[in-house]
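The values are calculated or read from the model by the stated rules, or taken from the named source; none is laboratory data. Here the structure is a predicted model, which means the values were calculated and not measured. We place every Cβ from the backbone using ideal geometry, glycine too, and count neighbours over all the protein chains shown.
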Amino acid sequence: MKKQPLYHYTFFVFSVLILFSCSDDNGKPDEGPDEPGNTITQAEFDATLGDHTRFSVDVSNQEVDPGPSGSGVSWDFSKFDNPFSSNFQEALNCPDTEGCDVFPEANRAFLLHGDIDSYSYFTLSKNEYLRIGGINDDIQTTMNDPETVWKFPIAYQQEFSDDYHETGSNGEITTATKDIEVDGYGTLTTAAGTFSNTLRVKMSYTVVVDYPDPLIPQTQTNLVQYIWLNKNYAGGLLLGVLFSETKVNGEAVGIGKGLYYTDPEPL
């Protein structure tokens with residue numbers, strides 16, 4: 001039986017975002033990268049790591065435009081209001097959580113509830129937030145080179161790149177590169193409401209997977225995900241839009257897109 005290409009969609013729980021604005025000499029809002037309102041510290045990030053439910057919308061036959069980058073912009077996704085599924089992500093404590101003994105350096109963990117529960121393990125330090133491993137059913141993933149999820153402080157117009165490498169207990173080996181850009185600041189409207197003072201982050205990945213079965217060819221997935229974050233709501237994550245293309249031997253075998261939103265509680 002032919003195995004389907006593996007898609008690596010990583011969704012993160014985010015933080016309180018300090019997003020003040022002030023006026024320049026012309027009386028216009030100044031929302032540039034040097035303003036403290038567009039910066040989030042490690043402590044502020046940690047303060048709102050928590051539970052949230054993600055509602056997924058089928059957009060396979062719909063046009064999805066992530067909208068403009070820049071400051072003082074607006075994004076409207078309110079028409080995407082008919083989710084077909086939901087997944088609850090639960091914040092857990094280490095070392096009290098299953099699997100924390102496998103990843104003793106982890107000080108944060110999350111459980112994504114679904115048909116198969118998935119655990120993810122992270123290390124939060126003063127300067128960065130790293131993904132170090134995971135357990136999905138009976139498959140354990142170890143990050144030989146951890147993924148840098150965030151570098152602190154996070155700021156509007158921040159950019160950074162990272163390479164990471166992971167090995168699964170099933171023999172699959174994943175090598176990836178990613179580019180992160182905090183590229184937007186403004187007002188977001190979704191099926192859950194309107195949210196001012198929201199940041200948008202563009203996340204671009206190239207993910208290569210090698211399989212232990214020599215009959216299964218290497219796959220390469222190019223993934224671009226946009227996420228919207230807000231300091232005033234539990235979990236911080238409001239919306240995600242993603243686009244992907246998977247290739248085998250240089251030929252496209254799968255093109256996809258997705259959209260999900262949350263209905264967060266105000267802090």
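Suppose the filter is modelled with pLDDT under 95 and either under 24 Å from GLN62 (Cα atoms) or of a type outside the set (Phe, Trp, Tyr) (or both); does GLY168 pass it? The answer is no for GLY168. In the range 249-267, the residue that is modelled with the lowest pLDDT out of those that are outside any strand (DSSP E or B) and surrounded by fewer than 21 Cβ atoms within 10 Å (Cβ to Cβ) is LEU267.
I'd like to check something: does the range 228-238 contain any residue that is of a type in the set (A, V, I, L, M, F, W, C) and modelled with pLDDT of 95 or more? No, the range 228-238 has no match at all. In the range 212-225, of all residues being in contact with a Leu (Cβ under 8 Å, 6 or more places away or on another chain) and farther than 16 Å from TRP150 by Cβ, the one that is surrounded by the fewest Cβ atoms within 10 Å (Cβ to Cβ) corresponds to VAL224.
Report yes if some residue within the range 167-176 is among the aliphatic types (A, V, I, L, M) and over 17 Å from THR123 (Cα atoms); otherwise report no. Looking for residues that are among the aliphatic types (A, V, I, L, M) and over 17 Å from THR123 (Cα atoms), one finds at least one in the range 167-176, hence yes. Checking the structure you have, find out if any residue of the range 144-153 is in contact (Cβ under 8 Å) with a residue 40 or more places away in the chain, in contact with a Ser or Thr (Cβ under 9 Å, 6 or more places away or on another chain) and not in a strand (DSSP E or B). Checked the range 144-153: at least one residue is in contact (Cβ under 8 Å) with a residue 40 or more places away in the chain, in contact with a Ser or Thr (Cβ under 9 Å, 6 or more places away or on another chain) and not in a strand (DSSP E or B).
Filtering THR221, THR246 for residues that are over 18 Å from THR53 (Cβ atoms), touching a His at 6+ places or on another chain (Cβ under 7 Å), in contact (Cβ under 8 Å) with a residue 60 or more places away in the chain and not in a loop (DSSP other than H, G, I, E, B) leaves a single hit, THR221.
A single entry from THR175, THR189 fulfils the requirement of being more than 29 Å from GLY67 (Cβ to Cβ), at pLDDT 95 or above and not in a loop (DSSP other than H, G, I, E, B): THR175. Restricting attention to the range 141-163 and to residues that are among the hydroxyl-bearing types (Ser, Thr, Tyr) and over 18 Å from LYS126 (Cα atoms), the residue that is surrounded by the fewest Cβ atoms within 10 Å (Cβ to Cβ) turns out to be SER161. In the set (1) assigned to a strand (DSSP E or B); (2) of a type outside the set (A, V, I, L, M); (3) within 25 Å of SER86 (Cβ to Cβ); (4) free of Cβ contacts under 8 Å to residues at least 40 places away in the same chain, GLY114 fails one condition alone, (1). Being in contact with a strand residue (DSSP E or B) (Cβ under 7 Å, 6 or more places away or on another chain), acidic (Asp, Glu), surrounded by fewer than 21 Cβ atoms within 10 Å (Cβ to Cβ) and assigned to a strand (DSSP E or B) is the requirement here; does GLU166 meet it? The answer is no for GLU166. Report yes if GLY133 is touching a residue at least 24 places away in the same chain (Cβ under 8 Å), closer than 16 Å to GLU172 by Cβ and of a type in the set (Gly, Ala, Ser), otherwise no. So GLY133 fits the description; yes.
Among the residues in the range 127-139, are any surrounded by fewer than 17 Cβ atoms within 10 Å (Cβ to Cβ), in a loop (DSSP other than H, G, I, E, B) and in contact with a helix residue (DSSP H, G or I) (Cβ under 9 Å, 6 or more places away or on another chain)? Yes, some residue in the range 127-139 is surrounded by fewer than 17 Cβ atoms within 10 Å (Cβ to Cβ), in a loop (DSSP other than H, G, I, E, B) and in contact with a helix residue (DSSP H, G or I) (Cβ under 9 Å, 6 or more places away or on another chain). A count restricted to the range 190-211 and to residues that are over 18 Å from GLN225 (Cα atoms), surrounded by fewer than 18 Cβ atoms within 10 Å (Cβ to Cβ) and of a type in the set (Val, Ile, Thr) stands at 1. Scanning the range 199-218 for residues that are assigned to a loop (DSSP other than H, G, I, E, B) and acidic (Asp, Glu) gives a single hit, ASP213. When the test is whether a residue is under 27 Å from ASN93 (Cβ atoms) and more than 17 Å from the chain's Cα centre (by Cα), ASP115 passes it.
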